[in-house]
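Some notes on the structure that comes next.
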Amino acid sequence: MGMNITQKIIKNHLVSGEMVPGKEIAIRIDQTLTQDATGTMAYLQFEAIGIPRVRTECSVAYIDHNTLQTGFENADDHRYIQSCCAKYGLYYSRPGNGICHQVHLERFSAPGKTLLGSDSHTPTGGGIGMMAIGAGGLDVAVAMGGGAFHLNMPEVIRVNLHGKLRAGVAAKDIILKLLEILSVKGGVGKVIEYGGDLSSLSVPERATITNMGAELGATTSIFPADEVTRKFLEAQKRGDVFVPLAADDDAEYARVIDLDLSTLEPLAACPHSPDNIKAIKDLAGKKIDQVCIGSCTNSSYLDLMKVAKILKGKTVAEHVSLVIAPGSKQVLDMLAKNGALSDIISAGARILECACGPCIGMGQAPNSNGVSLRTFNRNFEGRSGTADGQVYLVSPETAAVSALTGVFTDPMANVPDLTVDMPEEFDINDNMIVKPYPESEEHEVIYCPNIKPFPLNKELPEVLTAKAVLKVGDNITTDHIMPAGAKILPYRSNIPYLSQFCFGVCDKTFPERALEWGGGFVIGGQNYGQGSSREHAALVPLYLGVKAVVAKSFARIHAANLINSGILPLTFENEADYDRIDQGDELEIPAIRKNVEDGTPMVLINKTKNLQIPLTTVFTDRQKKMILAGGLLNATKNA
Ligand code: MIC
Ligand code: SF4
């Protein structure tokens, strides 16, 4: 039987396990990336593992999240990460060089390779035919050291694209449509593979789609590597890494979705979830306060050239603030050289540096109750930095047209000709990427005051007794668990400080209660831990004493991060039992250690209500070791 792209790449990288959907497999990782907000922890963990030099084909550390530098903290982190790169043999992409996923796509991506990144939008690389997966920092640290990455063999959903997008409709609208069809949990345990007639979609457009596959909860998303891919790589002067990649005609899929692009229309993801989709025409006329264009989803040369064409010779509406953050130095440089930057500036746009910026709440928080149109990928409550901010996720075309009118405006009726040819040659200047130093050179790691040690768990006890310290609903994101933003993000390497803000969006009293009660169980609904890969959403609860999370279901990366930290992700056998636990109830799992060791069914006793609640969790042998030892690092030490 023929194979799909996912199976082909996994087969080429398989270290152990059977390629049967749902079963745990281990794959070899060719490339890794980290960014600064997850990177400090990842390098501290890499150092704790004790391997003298990275063992991948290529590992890159990017500085793109924490670039505001309102105090010494960010610069301390940059210094630490740069010194780790020097000592351990990594590429270092300096602040200003751009957003990790955009730069990686331009300068390092390669079809057929595996990439593991400590950022949930690492699947951006799927736009060029990489198997690019997001993970917690510790998993990336292990991969940097040459260790395999473990995941459950995904099912593959095939999305066939037919026809062409109409003028004013963008790649962003394709992924928003899929979010409407599949929802934020529709991709859990799955790879979304694209096929059909793809000749009209450039690599940056494909990357917009694979980038936001993260919002489907998918393990990753991937496009074939075809002539469009080859031309993109040649224009980046990296044609040598091209290999063609396609699914076999008789490959099988768990599900096939057909999308006729010519019927799509401009869409928006409305507050506060990427799958809360409405047509722009149904929002038309609604007043807006802010427009932000950029992020790893929509900040390519192609995107910003379209924006420049829309803004040329016009003025941003007087009550609107328009900010634009180009995705990379390459993009910004090219816009500057061809004059498009001038069109953007003279229309009144505010130019931000090439970084994540407002996407992660690093500046540009909207006004109170402000309506903000963003070309980004996440609109979780409070993420913008304004608690009651109303964030809508849209295409660059919708964003730019609406910035001019000051109200939601359908770009189909209002755009000039937006044809932008992909450049024959991109502007190549890698002077902001410091290459790995030769192994023969000696370099010291610089530990700055902002770098604090990370917490380590203890062995799993025989009996687990604790209170339900917090009860939350469905689709809790890691932004709820460990918020980011300008006031908090600089402390990613300082877990005690971060802990004051844990679950702040849901319940500001949580950290104090957790410390007072000695931690406890967190009770969650469906898709617990969706969103970012930040392992701080596990490390901070660990610091506050959280022992286990009992939920209806979990998002992939967060469940792995919990196990890596020795916190048990436990699932209700009957979802209705969620209603039989209240915050403050005394809970106990009487034979927890034995249950984990033997794989025998676990029962949670609600001592307050005198109830027995069956749990279904089954751990693999590898996971058992981690849970019994109190996390991956302890398990590695014991081995
Ligand atoms: C995000 O978009 O939420 C982030 C910030 O890039 C995170 C990583 C982090 O929290 O540092 C992600 O997507 O993994
Ligand atoms: Fe940065 Fe936003 Fe992309 Fe996360 S989603 S990597 S914060 S641009």
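Along the principal axes of its C-alpha atoms, what lengths does region 314-439 span, in descending order and rounded to whole Å?
For region 314-439, the Cα spread along each principal axis is 52, 38, 22 Å.
So which aspartates and glutamates pass the test for K185, namely a Cα distance under 15 Å, with those fewer than 8 places away in the same chain ruled out?
Partners within reach: E155, E215, D275, D474.
No solvent, one uniform scatterer per C-alpha: report log10 I(q)/I(0) for region 1-56 via the Debye equation at q = 0.19, 0.22, 0.28 1/Å, two decimals.
Cα-only, vacuum Debye calculation for region 1-56: -0.84, -0.93, -1.10.
Above 18 angstrom, tally the Cα pairs of region 48-138 and express them as a % of all pairs, no decimals.
Values: 1970 of 4095 pairs.
Value for region 48-138: 48 percent of Cα pairs lie more than 18 Å apart.
May I ask you to evaluate 6.51 cos²θ - 1.76 cosθ + 1.60, the Karplus curve with θ = phi - 60°, for each residue of region 511-526 and list the ³J(HN,Hα) values in order in whole Hz, giving x for glycine and proline?
So the Karplus estimates, Gly and Pro as x, are x, 5, 5, 4, 5, 5, 8, x, x, x, 9, 9, 10, x, x, 6 Hz.
Please report the base-10 log of the normalised intensity I(q)/I(0) for region 258-323, using a Debye sum with one equal scatterer per alpha carbon and no solvent, at each q in 0.21, 0.29 (1/Å).
Each listed q maps to, in turn, -1.30, -1.29.
Label points 7 Å out from Cα along the Cβ direction at K337 and D579: separation in nm?
Those two pseudo-labels are separated by 6.4 nm.
Considering the convex hull of the alpha carbon atoms of region 90-183, report its projected area averaged over all viewing directions, in nm², one decimal.
Details: hull surface 33.9 nm².
Averaging across all directions leaves 8.5 nm² for the Cα convex hull.
If only Cα atoms are counted, what is the Rg of the chain, and what is its Dmax, in Å?
Final numbers for Rg and Dmax: 23.5, 72 Å.
Can you give me the long-range amide H partners of L568? Hydrogens built in the peptide plane at 1.01 Å from N, cutoff under 5 Å, separation of 5 or more residues or another chain.
A548, V549
What longest region of the chain stays clear of GluC sites (Glu not before Pro) that DSSP places outside H, G, I, E and B and that have at most 11 other Cβ atoms within 10 Å?
Values: sites that count: E18, E318, E424, E425, E439, E441, E442, E444, E462.
Longest gap between qualifying sites, sites excluded: 19-317.
When all C-alpha to C-alpha distances in region 165-313 are sorted into bins of 10 Å, what percent of pairs does each bin hold, rounded to whole numbers?
The calculated distribution, bin by bin, is 9, 36, 37, 15, 3, 0.
What share of Cα pairs, in percent, lie more than 19 angstrom apart in region 189-257? Each step should come with its number before you reach the end.
Details: 905 of 2346 pairs.
When every Cα pair of region 189-257 is considered, 39 percent fall beyond 19 Å.
Sequence-distant or interchain residues sharing an amide H contact under 5 Å with L33, placed H: which?
HN-HN under 5 Å from L33: V60, L116, G117, S118.
If you line up the long axis of helix 72-88 against the longest principal axis of the chain, both from Cα atoms, how many degrees apart are they, to the nearest 10?
Between the helix axis and the principal axis of the chain, the angle is about 80 degrees.
Check which residues have an amide H placed less than 5 Å from L322's amide H, if you skip close sequence neighbours.
Those qualifying (amide H under 5 Å, at least 5 residues apart or on another chain) are V291, R350.
Under a Cβ-Cβ cut-off of 13 Å, what is the net charge of the residues other than H13 that fall near it, where Lys and Arg count +1 and Asp and Glu count -1?
Details: positive: K8, K11, R28, K113; negative: D30, E57.
Result for the neighbourhood of H13: +2.
Please list the equivalent ellipsoid semi-axes of region 11-92, computed as the square roots of five times the alpha-carbon gyration tensor eigenvalues, in descending order and whole angstrom.
Numbers: eigenvalues 182, 42, 24 Å².
Equivalent ellipsoid of region 11-92: 30, 14, 11 Å, largest first.
Each residue of region 536-547 in turn: what ³J(HN,Hα) in whole Hz from Karplus with 6.51, -1.76, 1.60 and θ = phi - 60°, glycine and Pro shown as x?
Those phi angles translate into 4, 6, 10, 5, 6, x, 4, 4, 8, x, 5, 9 Hz.
Leaving out same-chain residues fewer than 8 places away, which lysines sit with a Cα under 27 Å from that of K314?
Cross-link targets: K172, K281, K286, K287, K306, K329, K337.
I'd like the FRET efficiency for I257 and V603, computed as 1/(1 + (r/R0)^6) with the beta carbon distance as r and R0 of 41 Å, rounded to 0.05.
Values: r = 40 Å, r/R0 = 0.97.
Computed FRET efficiency for I257 and V603: 0.55.
Apply the Karplus parameterisation 6.51 cos²θ - 1.76 cosθ + 1.60, with θ equal to phi minus 60°, to every residue of region 165-181 and state each ³J(HN,Hα) to the nearest whole Hz, in sequence, with x for glycine and proline.
Each residue of region 165-181 in turn: 5, 7, 4, x, 9, 10, 4, 4, 5, 5, 6, 5, 4, 5, 5, 5, 6 Hz.
Taking Cα atoms of region 223-286, Rg/Rh with Kirkwood Rh, to two decimals? Walk me through the numbers on the way to the answer.
On the way: Rg = 18.4 Å, Rh = 15.9 Å.
With Rg and the Kirkwood Rh in hand, the quotient comes to 1.16.
Could you please tell me the mean projected area of the C-alpha convex hull for region 1-157, averaged over all directions and given in square nanometres to one decimal? Don't skip to the end; give the middle numbers.
Details: hull surface 37.0 nm².
For region 1-157, the mean projected area of the Cα convex hull comes to 9.3 nm².
Give me the extension gain from F72 to S346: residue separation times 0.36 nm, minus the current Cα-Cα distance, reported in nm with one decimal. Before the final figure, lay out the partial values.
Numbers: separation 274, 0.36 × 274 = 98.64 nm, distance 3.41 nm.
This chain segment gains 95.2 nm when fully extended.
Gain in length, A48 to A246, computed as 0.36 nm per residue apart minus the alpha-carbon separation, to one decimal in nm? Don't skip to the answer; put the middle values down first.
Values: separation 198, 0.36 × 198 = 71.28 nm, distance 4.00 nm.
Between A48 and A246, full extension yields an extra 67.3 nm.
All of the numbers you see were taken from the coordinates with simple rules; none came from a lab. Keep in mind that this is a model prediction, so the values were computed, not measured. Please note: Cβ atoms are built from the backbone with ideal geometry, for glycine as well, and neighbour counts cover all protein chains shown.
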